[in-house]
Amino acid sequence: MSSSVMKDDASNKFLCMGNIQGNCTQNKCTRLHSDTHLPYLWQIQLFGGWFTLPNSESVEQVFCSPEKKDYSFKFTYELDFYISILHCLNLDCTIVFEPETRAFMSEYSFVEVRRLSTMSFNKAGDVGDSFVTQWRWYWEYNAGKWMLFKPDSIQHTLEAKFLAKQTTYLYWRENYKWKYKIDFGSMTQQNVQTGATRPLRRRPVFVSFQDVQDNKTPPCLTPPQVIEVALPPPWVPWDLAHPFELVQMSPDDKDFIELSASFFKTVSRDQFTLTAVFRIQNHALLSGFNNQFLMMQARLIDKNMSRKS
Ligand SMILES: [Zn+2]
């Protein structure tokens with residue numbers, strides 16, 4: 001195991017894609033390097049240190065199957081405690097992937113487990129022919145049967161929102177017939193009309209050791225629609241699958257507080273309660289507004305100029 005992946009801050013870093021392909025040219029590379037050259041590493045925490053699982057590839061293969069919720073195996077490791085004493089660990093281990101990824105081991109109850117990986121395709125700008133992690137989103141269609149979210153634009157949208165730590169996401173299907181609420185905290189999707197709730201899973205596309213050797217990179221999604229309109233700061237990432245999104249604002253959001261204050265100027269707090277406020281994020285409308293704003297500003301400058309002359 002490479003010593004560089006034992007660093008405590010490793011969980012905040014990504015594996016180096018150059019190192020995976022054996023051609024990292026960085027002098028002082030800030031990404032993680034490992035001898036396995038895999039785009040992921042599964043590690044467990046024992047005796048205050050992180051140990052890379054020798055069967056990381058098998059763990060990953062199971063993790064990449066959305067229907068699998070855990071993986072059991074025999075953990076064997078030779079620990080060199082003292083120069084002459086070699087302690088050989090041979091323990092039953094089960095990694096449970098959800099809701100939190102944890103490992104249960106005979107003798108130790110649960111131990112921390114982490115998956116180090118390359119950057120998400122969404123953050124890396126979905127560079128093709130590379131070993132960025134191709135995360136995919138699934139929903140449980142039937143007990144034990146998992147479906148990929150379709151089309152690809154919703155995969156891009158879910159991944160961007162998840163990485164931006166958006167808490168909930170509302171969208172409609174079948175021509176606004178059904179409204180759904182995705183909760184990223186509980187990883188569930190609820191049909192708002194019927195109340196039916198289904199679990200969600202976010203799993204990567206599997207890359208084997210042989211794939212890395214053959215330089216066979218995982219498949220990319222269809223590139224998303226490019227929205228040129230800049231996001232105003234408090235806004236959440238654009239919904240790339242629908243023309244607009246209703247974003248529920250948190251009660252401590254500045255806009256929520258201002259709106260609430262204006263609302264209660266004319267109505268009594270004793271008679272009304274503000275239960276939810278939504279921001280409409282519509283890029284076409286925002287683009288129109290921005291254009292009008294620029295035109296008005298230009299007209300105002302012209303007017304002031306002619307006044308001065
Ligand atoms: Zn590197």
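Please treat every number below as a calculation from the coordinates, not as lab data. Note that this is a predicted model, so its numbers are computed, not measured. No Cβ is skipped: glycine too gets one built from the backbone with ideal geometry, and neighbour counts run over all protein chains shown.
Please identify every one of the trypsin sites (Lys or Arg not before Pro) in the stretch 159-241 that sits in a loop by DSSP and has no more than 13 other beta carbons within 10 Å of its own beta carbon.
165, 177, 216
Sum -39500 (n - 2.57) across every DSSP H segment of at least 4 residues in the chain, then divide by the residue count to get the 222 nm mean residue ellipticity, nearest 500.
-6500 deg cm²/dmol
Could you state the angle between the C-alpha long axis of helix 283-308 and the longest principal axis of the C-alpha atoms of the chain, as a value from 0 to 90 degrees rounded to the nearest 10?
50
Using the count of nearby Cβ atoms within 10 Å as a rough guide to exposure, how do 156, 242 rank from fewest to most?
Arranged by neighbour count, lowest to highest, 156, 242 become 242, 156.
Per the Kirkwood definition applied to all pairs of different Cα atoms, how many angstroms is the hydrodynamic radius of the stretch 238-309?
One over the average 1/r among Cα pairs gives 15.6 Å for the stretch 238-309.
Where in the stretch 46-71 does the amide nitrogen come within less than 17 Å of the point 7 Å from the Cα of residue 88, taken along Cα to Cβ?
Backbone N within reach: 54.
Report the Cα centroid-to-centroid distance between the stretch 128-161 and the stretch 242-305 in angstrom, as an integer.
Going from one Cα centre to the other spans 32 Å.
If you line up the Cα atoms of the stretch 126-309 on their principal axes, what length do they span on each, largest first, in Å?
Here the spans come out as 73, 53, 30 Å, largest first.
Which order, highest average first, do 55-63, 132-140 follow once you tally other Cβ atoms within 10 Å for each residue and take the mean per peptide?
So the order, starting with the most tightly packed, is 132-140, 55-63.
If you fit an axis through the alpha-carbon atoms of helix 254-266 and take the longest principal axis of the Cα set of the chain, what angle between them do you get, 0 to 90°, nearest 10?
The helix 254-266 is inclined about 40 degrees to the chain.
Once the cut-off is 35 Å, how many percent of the Cα-Cα pairs in the chain end up in the long-distance tail?
Distances greater than 35 Å cover 38 percent of the Cα pairs.
Between helix 152-163 and the chain, what is the angle of the helix's C-alpha long axis to the longest principal axis, kept within 0 to 90° and rounded to the nearest 10?
80
Give me the one-decimal nm value for the distance between modelled label points at residue 45 and residue 268, 7 Å along each residue's Cα-to-Cβ direction.
Modelled inter-label distance: 5.5 nm.
Counting other beta carbons within 10 Å of each residue's own, what order do 176, 169, 108 fall into, fewest first?
With the sparsest Cβ surroundings first, the list reads 176, 108, 169.
Quick one: order 301, 182 by neighbouring beta-carbon count within 10 Å, fewest to most.
Ascending number of Cβ neighbours within 10 Å: 301, 182.
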